[in-house]
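Every number in this text was worked out from the coordinates using simple rules, so none of it is lab data. Please read all numbers here as calculations on a predicted model, not as lab measurements. Backbone-built Cβ (ideal geometry, glycine too); neighbour counts: all protein chains shown.
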Amino acid sequence: MGKEDYISTGGSLKLKGVKDGGIKKKKKKKKPTTPDPTSEQESREDSAKATNADGLEEREEEPEDPYAGKTEAERRFEERKRKRMDERLKKEGIKSHKERVEEFNKYLSNLSEHHDMPRIGPG
């Protein structure tokens with residue numbers, strides 16, 4: 001181990017938040033935004049249309065298509081997934097958390113621990 005192993009590079013550490021010789025963050029440039037008068041007017045008209053005389057918002061009665069914008073393979077996948085979920089719910093039924101815990105505890109009590117297994121062979 002010669003002097004080459006302990007050579008240090010010149011200069012001091014640069015610390016954040018220190019005024020003298022520290023690391024300085026770059027400031028983000030903000031883009032000036034000027035709202036368009038036409039878009040403001042349109043948004044006011046849309047909000048006026050959305051509220052009726054009582055002040056309640058109108059809700060359009062459009063049925064949402066769950067398959068909108070999906071490919072045929074995605075539709076089949078969703079359909080199979082929904083069927084599997086329905087079958088699982090029918091099989092399990094509606095159980096409370098307490099019933100699930102009791103069932104799990106019964107399952108665990110029926111398991112044999114590896115310490116309880118009889119030894120086979122000499123020794």
Q) Which of K81, K27 comes first, and how do the rest follow, when ranked by fewest Cβ neighbours within 10 Å? A) K27, K81
Q. With a 10 Å Cβ neighbour count serving as the proxy for reagent exposure, in which order, fewest first, do E78, E4 appear?
A. E4, E78
